[in-house]
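The values are calculated or read from the model by the stated rules, or taken from the named source; none is laboratory data. A quick note: this is a predicted structure, and the numbers were derived from the prediction, not measured. For neighbour counting, all protein chains shown are included, and Cβ atoms are generated from backbone atoms with ideal geometry for every residue, glycine included. Surface areas here come from the heavy atoms of the whole protein model, side chains and all, with no ligands, DNA or RNA. Shrake-Rupley method; radii C 1.70, N 1.55, O 1.52, S 1.80 Å.
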Amino acid sequence: MTSEQPRLLVTGSAGFIGTSVVRLAIERGYDVHGVDLFAAPASMIAGVHDHRVGQGNKEFATLVAEVCPQICIHAAGRASVHESLIDPASDFASGPALTFTLLDALRRYSPLCRTLFLSSAAVYGNPKKLPVSENAPVAPISPYGFHKSQSEFLCREFTEVYGMKTAIARIFTAYGEGLRRQVLWDICRKIVNEGQLSLHGTGEETRDFLHVCDIAAGLMQVVERAPMSAETYNLASGRAVSIRDLANMAISALGVDIEPEFDGLVPSGDPLHWRANISRVAALGFSPTISLAAGVRSYVEWARQQLMTR
């Protein structure tokens with residue numbers, strides 16, 4: 001690493017996506033500073049400068065003034081539609097409120113920083129047309145989706161009013177080793193622990209899955225090549241898979257002989273179908289490298305080991 005390597009600040013560096021971003025950025029020679037509320041896996045990664053701050057304006061301002069990052073990937077915040085429905089205040093505090101705090105600190109102490117905000121496909125709600133492009137109407141159906149949309153507007157505010165460089169990555173369904181929640185983890189947990197598989201919904205709901213390693217690569221592609229004029233990028237595989245097919249892939253990988261069952265009840269806030277148009281991020285040179293079949297096999301083996309050692 002040389003002094004010419006850009007300083008990268010990763011918020012939410014203890015999180016599922018943040019940890020992968022930290023690893024990849026260090027591999028590429030960045031001077032990486034990770035910040036999170038919690039003791040983090042990132043602190044175990046050789047080469048990262050690990051920071052701990054709360055969500056207060058003063059703490060973030062002090063950190064930004066100290067690091068003076070040239071690039072910032074803002075991955076902090078809650079990532080649960082269900083929790084946002086139960087506790088929207090906490091989701092707002094870790095969403096739009098924290099995003100404003102960060103952007104305002106960058107405005108004051110590192111105004112030339114290229115800032116990438118991690119948003120979500122949840123801003124689209126139930127898209128009327130698939131594959132959904134970045135120009136589709138924003139129509140969230142959960143507090144989580146609304147708060148992501150509000151944070152996107154904050155990015156546009158700081159770009160249009162203060163001339164800051166920002167971009168927005170709308171991540172679809174992330175998965176990969178290390179994720180102990182969401183549908184693929186639930187599938188593995190129920191099969192391993194209960195010997196059966198009963199899920200919400202009809203099984204015909206579709207998602208657009210992207211492995212966390214590909215997500216990290218896509219995010220780096222954006223911060224390195226995008227114009228950063230508050231534009232948005234869908235980050236996904238561009239392929240839809242039904243939850244029933246996903247369940248059967250996991251069942252096959254686990255080598256068990258069961259049939260998935262569905263209760264027909266779609267949880268509040270969950271969309272029915274997702275599939276992304278990824279032509280905009282592809283124009284920056286991004287292309288997924290991990291197939292869903294390979295990614296599910298790898299994830300299932302990891303999940304089995306985690307569940308069997310509990």
For the stretch 116-157, the count of residues that are farther than 25 Å from Ala89 by Cβ and under 17 Å from the mean Cα position of the chain (by Cα) equals 2
Report, by residue number, each residue of the stretch 140-154 that is open to solvent by 50 Å² or more (accessible area, probe 1.4 Å) and farther than 16 Å from Ala167 by Cβ. Ile141, Phe146, Gln150
Residue check, Pro267 against (1) within 19 Å of Ser120 (Cβ to Cβ); (2) open to solvent by less than 40 Å² (accessible area, probe 1.4 Å), all met but one. Which one? (2)
Restricting to the stretch 242-264, name every residue that is under 21 Å from Tyr124 (Cα atoms) and surrounded by fewer than 18 Cβ atoms within 10 Å (Cβ to Cβ). Ser242
Scan the stretch 88-109 for residues that are more than 20 Å from the chain's Cα centre (by Cα) and of a type in the set (Asp, Glu) and report the count. 1
Residues satisfying the stated conditions in the stretch 208-241, i.e. surrounded by fewer than 22 Cβ atoms within 10 Å (Cβ to Cβ), touching a helix residue (DSSP H, G or I) at 6+ places or on another chain (Cβ under 9 Å) and under 30 Å from Gly264 (Cα atoms): Gly238, Arg239, Val241
